[in-house]
1. Might you tell me the accessible area per residue for the range 81-160, computed with a 1.4 Å probe and given in Å²?
2. So what's the range 38-181 giving for Cα Rg divided by 2.2 N^0.38 Å, two decimals?
3. For a quick check of understanding: with a 1.4 angstrom probe and all protein chains in place, what accessible area in square angstrom does Ser119 have, to the nearest ten?
4. Percent of accessible area on the range 85-164 owned by carbon and sulfur, 1.4 Å probe?
5. Amide H of Ser137 versus every other amide H placed in the peptide plane: which residues, excluding those fewer than 5 positions away on the same chain, fall under 5 Å?
6. Might you report the magnitude of the Cβ-based charge dipole of the range 41-177 about its Cα centre, with Lys and Arg at +1 and Asp and Glu at -1, to the nearest 20 debye?
Amino acid sequence: MAQSKWIYGGGAVLLAGLIVWAVASVPEIPQQTDTPTGPRIMSYMDNTLHEERDGRMIWQMTAEQMNVDIDTNDTGMVKIDGTFYSDDGRTLTLKADEGRMDSKTRDIVLTGTIEATTSDGASLRAKQIKWTAADGSLTAEGDAELIRDDMRATGDRIVSTDGFQKFSILGNACIEKGGAK
């Protein structure tokens, strides 16, 4: 009988230890939140964005794919065909691999392989082209090169507010006459 008390007592201790272990080792249930992690994106295929001022078209961008952040309205673009319109009727058309538009400032940054031409025959190449909406300027950055007629201009940045009819070169500026192709 003493032996059965020991067995029952040992069983009770073992059962109590098992209960304490089970309660202590229960994992916490993660709380569910309605806040998504990361940006919420809507994608569009073959879509066009544009900006007008006083009834005049300023620029137009058509992209093979556009991704719009639902919370910020910032837009990412892939495989872009774009046109910038000057006050005097000239245009600058371009192709770019990628781009982004800030919804608050309406600034656009185009990157990747960029090739641009103006309606009066100039060509422009750069690693990046930025449209700054506040001052209406286009900036070609990174090995920027502008070729027009018999002139070739190169520099770190080439900036213009009139579709590169008039421009400024900043950093490593070089203008060659007669040798442009």
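1. Heavy-atom accessible area per residue stands at 47 Å².
2. Ratio of Rg to 2.2 N^0.38 Å for the range 38-181: 1.07.
3. 80
4. 44
5. Thr132
6. That gives the range 41-177 a dipole magnitude of about 240 debye.
The values are calculated or read from the model by the stated rules, or taken from the named source; none is laboratory data. This is a predicted model, so every value here is computed, not measured. Neighbour counts run over all protein chains shown; Cβ positions are idealised from the backbone, glycine included. With ligands, DNA and RNA removed, areas are computed over all heavy atoms of the protein, side chains included. Shrake-Rupley method; radii C 1.70, N 1.55, O 1.52, S 1.80 Å.
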